[in-house]
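Chemist: Mind having a look at this structure? Questions to follow.
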Amino acid sequence: MCIRITGTGRSLPENFMTNDDLAEIVDTSDEWIKSRVGIERRYIVKNETTTSMAADAALKAIENAGVSPLDIDLIIVASVTNDKVTPSTACQVQDIIGAENAMAFDLNSACSGFVVALNTAMAYFKAGIYKKALLIGAETLSKIVDWSDRGTCVLFGDGAGAAIAEADESVMTGLVQGTDGIRGKALDMDGMPINNPFVKNEISGSGLFMDGQAVFKFAVKIVPKCVNKLCEDNNIDKSDIKYYVLHQANSRIIQTVAKRLGEPEEKFPVNVHKYGNTSGASVPILLDELNRDGKLVKGDKIILCGFGGGLSWGAALIEW
Ligand code: ACO
């Protein structure tokens, strides 16, 4: 039993911010940002939330797949920027879209989140437990970045992407995933400190910390490794892959990965210039663009790959 994506959707905030807008807040420039990471603008929420964008993307994916919310038996939301501790974003989406027959939960695997959600659904499908999943990557990273740190605040954006995935025995599917918690400090952010009758802590206001060079080295090593393993495990050649749908962290990571794999850059669609790095939302947003632009046809083999905080990585080979 394997997995086929039958519909996709995306949701972006109305408000966007150019590099020039950012240069009014921190000491940076359009030239620096474009040349280092390829980002030209990013969407930043004013009225939207992680949940509202997740539900909006979900409804578009449901419509695109032509399914009823009542047919969905599994909802997974990948996010590190949930609006509430409880209920989960997935349970809130279940309520908004009326998917009352589903089991819903959130998953935290940072920028690999959507692909890890897909792999989780794949495992449930193989076990015969669920048949139709709604998978969402949704982030409001503008809530957690340090807006005074020019090294990180220029990189991220808000948004959500969603896909309907259905169990299908006729298609080829493979997965690779893993984590390296030992090097997890390269992307680090504290949660709520202990605060109880015995221990008092100030809530610190520090945002996301990133060791940019460590993340870069990790990414350009792990993604080719995942791609080669997927091809090897599934007995296919890289020439059989139509697109590599990679997490949109930055354009230099994507170019370096293409070079290391010896694959043409045209096989690596990029949209980071429009959205910035939307963490777990980037892969489904890009997938939705490819789908709605008619760039994917039945039978196409594509590799999705997410990598990031944890450190974590997840890759999936799927057939359209
Ligand atoms: N504008 C202008 N100058 C800046 C900016 C900025 N926005 N940010 C940093 N600089 C300066 C630094 O202060 C430093 O100045 P100094 O030499 O006077 O001290 C200089 O630029 C070089 O800084 P580095 O941090 O060493 O820059 P580096 O060459 O490593 O490039 C970058 C930084 C582009 C982030 C790179 O490390 C990278 O691509 N890393 C990958 C990280 C990434 O994409 N993370 C995304 C989140 S994680 C994920 O999604 C997987």
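The values are calculated or read from the model by the stated rules, or taken from the named source; none is laboratory data. Please read all numbers here as calculations on a predicted model, not as lab measurements. Reconstructed Cβ throughout: ideal geometry from the backbone, glycine too, with neighbour counts over all protein chains shown. SASA here: full protein model, heavy atoms, side chains in, ligands and nucleic acids out. Shrake-Rupley method; radii C 1.70, N 1.55, O 1.52, S 1.80 Å.
Chemist: When only residues in the stretch 191-217 that are within 16 Å of the ligand (Cβ to nearest atom) and closer than 19 Å to N108 by Cβ count, which is modelled with the highest pLDDT? Break it down stepwise before answering.
Modeler: Going residue by residue through the stretch 191-217, those that are within 16 Å of the ligand (Cβ to nearest atom) are 207-217.
Remaining after also requiring closer than 19 Å to N108 by Cβ: 207-210, 215.
On the way: G207: 81, L208: 87, F209: 89, M210: 91, V215: 95.
Here the residue is V215.
Chemist: Still on this structure: What residue, of A99, A110, A117, A55, is within 16 Å of the ligand (Cβ to nearest atom) and either under 26 Å from R292 (Cβ atoms) or out of contact with any Lys or Arg (no Cβ under 7 Å at 6 or more places or on another chain) (or both)?
Modeler: On the way: A99 fails: within 16 Å of the ligand (Cβ to nearest atom); A117 fails: within 16 Å of the ligand (Cβ to nearest atom); A55 fails: within 16 Å of the ligand (Cβ to nearest atom).
From the options A99, A110, A117, A55, the qualifying one is A110.
Chemist: Also: Scan the stretch 272-310 residue by residue and report those that are among the aliphatic types (A, V, I, L, M), within 28 Å of N235 (Cα to Cα) and within 16 Å of the ligand (Cβ to nearest atom).
Modeler: If the condition is that a residue be among the aliphatic types (A, V, I, L, M), within 28 Å of N235 (Cα to Cα) and within 16 Å of the ligand (Cβ to nearest atom), then V283, L286, L304 are the ones that fit.
Residues are listed down the side, and each one gets a yes or a no for (1) open to solvent by 70 Å² or more (accessible area, probe 1.4 Å); (2) of a type in the set (V, I, T); (3) in a loop (DSSP other than H, G, I, E, B):
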position: L135; (1), (2), (3): no, no, no
position: S142; (1), (2), (3): no, no, no
position: S148; (1), (2), (3): yes, no, yes
position: A165; (1), (2), (3): no, no, no
position: G178; (1), (2), (3): no, no, no
position: G191; (1), (2), (3): no, no, yes
position: I194; (1), (2), (3): yes, yes, yes
position: I203; (1), (2), (3): yes, yes, yes
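Chemist: If we scan the stretch 254-271, do we find a residue that is within 12 Å of the ligand (Cβ to nearest atom), of a type in the set (S, T, N, Q) and more than 19 Å from the chain's Cα centre (by Cα)?
Modeler: For the stretch 254-271, residues within 12 Å of the ligand (Cβ to nearest atom), of a type in the set (S, T, N, Q) and more than 19 Å from the chain's Cα centre (by Cα): present.
Chemist: Here's a follow-up. Could we say that T152 is at negative phi, at pLDDT 95 or above, open to solvent by less than 40 Å² (accessible area, probe 1.4 Å) and within 16 Å of the ligand (Cβ to nearest atom) here? First the steps, then the outcome.
Modeler: Working: at negative phi: yes; at pLDDT 95 or above: no; open to solvent by less than 40 Å² (accessible area, probe 1.4 Å): yes; within 16 Å of the ligand (Cβ to nearest atom): yes.
Spelling it out, it is not the case that T152 is at negative phi, at pLDDT 95 or above, open to solvent by less than 40 Å² (accessible area, probe 1.4 Å) and within 16 Å of the ligand (Cβ to nearest atom).
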